[in-house]
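Here the structure comes first, spelled out in structure tokens, and everything after it is commentary.
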Amino acid sequence: MKLKDFFFLLLLTLGALLVHGYHPWVEDAEIYLPGVEKVLHPDLFPFNAQFFTSHAHLTFFPNFIAASVRLSHLPLEVVLFFWQVTSIFLLLLACWQLIGMCFSEASARWGGVAMVAAVLTLPVAGTALYIMDQYINPRNLVAFAAVFAIAKVIDGKYFRAGLFLLFAAAIHPLMSVFVFSYCAVLLCIKELDRRFAILACLLPLGISFEPPSAAYHQVALSHSYFYLLRWHWYEWLGVVAPLALLWWFSRIARSRQLRNLDLLCRALIVYEFVYVLAGVVLSIPERFESVARLQPMRSLYLLYLLFFLFAGGLLGEYVLKNRLWRWAALFVPLGAGMFLWQRALFPASAQVEWPGTASNNSWVQAFEWIRTETPRDAVFALDPFHMNIPGEDANGFRAIAQRSMLADAVKDSGAVTMFPPNAEEWLKQVQAESGWKTFQAQDFRRLKAEYGVNWVVLQQPGVSGLDCPYHNAAVLVCRVN
């Protein structure tokens, strides 16, 4: 790689960060970051840790981030920002390498990389995923490892591909299965015969025919993306349209002697066909519900990433070429649209939440006060749907406040779908919080008697009869005596 190319990748990384934003504590960070914080400070989260340690025990991610903090002697928020920026850069570098194996022209290579940079936070059909999240998590690290592994398979460097696959498996075991199966399909088509390709996707799923518990059934119903047959028509379009376009890309590649592009597109079609079939099968009988947590349709995550890389490469090669106005006509509106979409998602937060800067989000301010002013063994209760409240911006309480809380109905439910043994306790706690918006002081005292809750976070104007040492325009933090 030339120094000029390295510089352009850095500029694209910065552009992607500014367009898509950075929000370190939102959404699934509520599941992943408490695991990191508990590695750094084992006395944190003495209550209800099972809702995030179930994930943490299966991945090296908490240890990886915690080791980065210890080795660098930097604050956690600085390390998280570093790895977010680094993961974007490494993904774009991996895309630059892979697309260079498909096209010879620089316009195609930069078209593919720029397209990926422009659509990082595009939703992936009905999977509740983005191509890359606005915060560091295991999926972001697996993304660049996946593309590097694919590039090494195309290049015939199978040992190096295996190293990237091992890294992906250590960071996110489930997402690495999709990468491994695609590489297996690719290898079968490349080295053996396309008739063996479908077999390469048939991984041992350990299917159990035992019906799920009633508690698990209830939580699973709140996550419709598990069930392909419950997707809306436009989500189905997000499956069918890329497959049809990949078939078209394959024909173009074959006609123009772009062998690697043709190979990658045909392998993607086979790969996704198998997972769509699995998604349909697991959506039909209820007894497969506990197996549906393997989420075969999240295979679309890899398909979307490669689809936009190839689409950008073809546009760069045959449409954009060296015409600057064409590049601007495509990427300026696309970047602006993605920027506005992110502002709509997180309207009460800064577009980029730089480490070390004070948050202007009232909920985050309250959570930060809790982290510094309440005992580490405190147990909190919040509205079980607090992450969906306008202005909360999906910020995770545990991740920011570093305190224990009763189970919530948003992110803890997602953890329960992956780990059914937690379903009964989750349902019991969420039912105990039922009717939260009408709770009075005696209801919070009931939670204290049942679960040891000694603090609550309430929306303004709160309720009478509680001592609230912290309040701002949106939130109160109150003791339960």
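The values are calculated or read from the model by the stated rules, or taken from the named source; none is laboratory data. No experiment lies behind these values; they were computed from the predicted model shown. Reconstructed Cβ throughout: ideal geometry from the backbone, glycine too, with neighbour counts over all protein chains shown. Ligands, DNA and RNA are stripped out before the accessible areas are found, and what is left, the full protein with its side chains, is counted by its heavy atoms. Shrake-Rupley method; radii C 1.70, N 1.55, O 1.52, S 1.80 Å.
When the Kirkwood radius is taken over all Cα pairs of the chain, what Stokes-Einstein diffusion coefficient follows at 25 °C and 0.890 mPa s, in µm²/s? So the translational diffusion coefficient is about 104 µm²/s. Normalised by residue number, the volume inside the convex hull of the Cα atoms of region 56-193 is 131 Å³ per residue. The slack in the chain from M418 to T86, taken as 0.36 nm per residue of separation less the alpha-carbon distance, amounts to 116.7 nm.
Were the residues from V78 through R256 laid out at 0.36 nm apart, the gain over their Cα-Cα distance would be 59.4 nm.
Would you calculate the separation in nanometres between label points at V332 and K4, each defined as 7 Å from the Cα along the Cα-to-beta-carbon direction? Those two pseudo-labels are separated by 2.4 nm. Return a whole-number percent for the relative contact order of the chain, with Cα pairs under 8 Å and 6 or more residues apart as the contact set. For the chain, the relative contact order is 21 percent.
3J(HN,Hα) along region 80-96, derived from phi through the Karplus expression 6.51 cos²θ - 1.76 cosθ + 1.60 where θ = phi - 60°, amounts to 4, 5, 4, 6, 5, 5, 5, 5, 5, 4, 5, 5, 5, 5, 5, 5, 4 Hz, with x in place of Gly and Pro.
Counting only DSSP beta bridges whose two residues both lie in the chain, roughly 65 percent are antiparallel.
Between K157 and A350, the simple label model (points 7 Å from Cα in the Cβ direction) yields a spacing of 3.9 nm.
Amide hydrogen proximity for V475: with H placed 1.01 Å from N in the peptide plane, the residues at 5 or more positions away or on another chain lying under 5 Å are Q460. Phi angles across region 376-381 convert, under the Karplus curve 6.51 cos²θ - 1.76 cosθ + 1.60 with θ = phi - 60°, into 3J(HN,Hα) values of 5, 8, 5, 10, 9, 10 Hz, Gly and Pro given as x. Rounded to the nearest 20 debye, the dipole magnitude of the chain is 1660 debye, with +1 charges on Lys and Arg beta carbons, -1 on Asp and Glu beta carbons, and the Cα centre as origin.
Projecting the Cα atoms of F307, L282, I131 onto the charge dipole of the chain (Cβ charges, centred on the Cα centre) puts F307 farthest toward the positive pole. Placing unit charges on each Cβ (+1 for Lys and Arg, -1 for Asp and Glu) gives region 347-481 a dipole about its Cα centre, and among N481, Q402, G462 the Cα reaching farthest toward its positive end belongs to N481.
Accessible surface computed residue by residue for the chain, with neighbouring protein chains in place and a 1.4 Å probe, gives 42 Å² per residue.
Entry note, region 86-179: relative contact order of 26 percent, from Cα contacts under 8 Å with a spacing of 6+ residues. 7 Å from Cα along Cα→Cβ at both R323 and A49: what's the point-to-point distance in nm? In this crude spin-label approximation the distance works out to 6.1 nm. D by Stokes-Einstein for region 377-461, Kirkwood Rh over Cα pairs, 20 °C, 1.002 mPa s: 161 µm²/s. Given their separation in residues at 0.36 nm each and the Cα-Cα distance between them, D467 and K428 gain 11.3 nm when the chain is fully extended. Measuring max minus min along each principal axis, the C-alpha atoms of region 24-127 give extents of 56, 36, 21 Å (largest first). What share of Cα pairs, in percent, lie more than 26 angstrom apart in region 234-378? More than 26 Å apart: 55 percent of the Cα pairs in region 234-378.
Please label the shape of region 336-477 as rounded, prolate or oblate, based on the square roots a ≥ b ≥ c of the eigenvalues of the alpha-carbon gyration tensor (a/c under 1.5 means rounded; beyond that, a/b larger than b/c means prolate, else oblate). Since a/c reaches 1.5 but b/c is at least a/b, the shape of region 336-477 is classed as oblate. Relative to the dominant Cα principal axis of the chain, helix 106-118 is inclined by about 20°.
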